[in-house]
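Below is one structure; the comments refer to it alone.
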Amino acid sequence: MKPVFLLAALLLLSQPLLAATEGRFVQKNNMFPRVEITTTMGKIVIEMDRSKAPITVNNFLTYVMDGSYKGTVFHRVERDVENERDFVIQGGGYDKEYDGVYEGEAIFNESGNGSKNDMYSIAMAYQDRQPHSGTRQFFFNMDDNDHLNPGKDWGFAVFGMVMEGYETLDKIMQVETGFNEKIGYDFVPKTPVIILNMAVLEPTPL
């Protein structure tokens, strides 16, 4: 029985180390938390809006706090070639080998919050025609993508804006892309653009 007891004790001791901080407890009195995203092509600072998208912001912060965005890639860098305009940069769901990473429960789509999919906004991604299937993937709008806003159907929930690092996103937008057989998708960077770290920044003093 001793080995079993020892294993149980070790599991109990390890639980606090494995438990992630839920996003709703991160700077819970700050309606506009900021996160710094460090990538292989530079840094980006986003400011999120809990007043409009509390579910989406808290969900994103949970993934930030458990460290699971580290080592993931931007797997979609898409231009609307036909109309000669940039479209989106999407990431957070695959590691650098393009294997899928852990996903928590899907969240409610907050696309009706009044925030628009304008250039340099950040929004929650979801699976095709399943508006409440978003988990951890997010995207940056690289143009004013009005067609992603809600109308007769659900849109994509914007939950923040880029405050710094526009030049980083612009550089990522210029990388060479192609078809990736593993995930069966076009517009995948041929050289992975990796998220090295995400960190919640201290609130800005008033």
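The values are calculated or read from the model by the stated rules, or taken from the named source; none is laboratory data. Just so we're clear, the structure is a prediction, and the values are computed from it rather than from any experiment. Quick reminder, even Gly has a Cβ in these numbers, built from the backbone with ideal geometry, and neighbours come from all protein chains shown. Accessible surface is based on the protein model in full, side chains and every heavy atom, while ligands, DNA and RNA are left aside. Shrake-Rupley method; radii C 1.70, N 1.55, O 1.52, S 1.80 Å.
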Tell me the strands (runs of 3 or more DSSP E) entirely within the stretch 105-206 that contain at least 3 residues that are buried (at least 17 other Cβ atoms within 10 Å of the Cβ) and in contact with a Pro (Cβ under 9 Å, 6 or more places away or on another chain). none
Quick one: which residue in I107, I122 is β-branched (V, I, T) and under 25 Å from K190 (Cα atoms)? I122
Scanning the stretch 66-94 residue by residue, the ones that are β-branched (V, I, T) and not in a strand (DSSP E or B) total 1
Looking at (1) assigned to a loop (DSSP other than H, G, I, E, B); (2) open to solvent by less than 40 Å² (accessible area, probe 1.4 Å); (3) of a type in the set (D, E, K, R), can you tell me which one E97 breaks? (2)
Only one of M31, M48 is modelled with pLDDT of 95 or more, farther than 24 Å from T191 by Cα and open to solvent by less than 20 Å² (accessible area, probe 1.4 Å); which? M48
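Residue by residue, here is whether (1) modelled with pLDDT under 95; (2) within 24 Å of K70 (Cα to Cα) holds:
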position: S115; (1), (2): no, no
position: D128; (1), (2): yes, no
position: G160; (1), (2): no, yes
position: E164; (1), (2): no, yes
position: F187; (1), (2): no, yes
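Per-residue answers, yes or no, for (1) assigned to a strand (DSSP E or B); (2) of a type outside the set (V, I, T):
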| residue | (1), (2) |
| --- | --- |
| F32 | no, yes |
| I44 | yes, no |
| T56 | no, no |
| V64 | no, no |
Within the stretch 34-44, can you find the residues that are surrounded by 18 or more Cβ atoms within 10 Å (Cβ to Cβ) and either without any contact (Cβ under 8 Å) to a residue 12 or more places away in the chain or not polar (S, T, N, Q) (or both)? R34, V35, I37, M41, I44
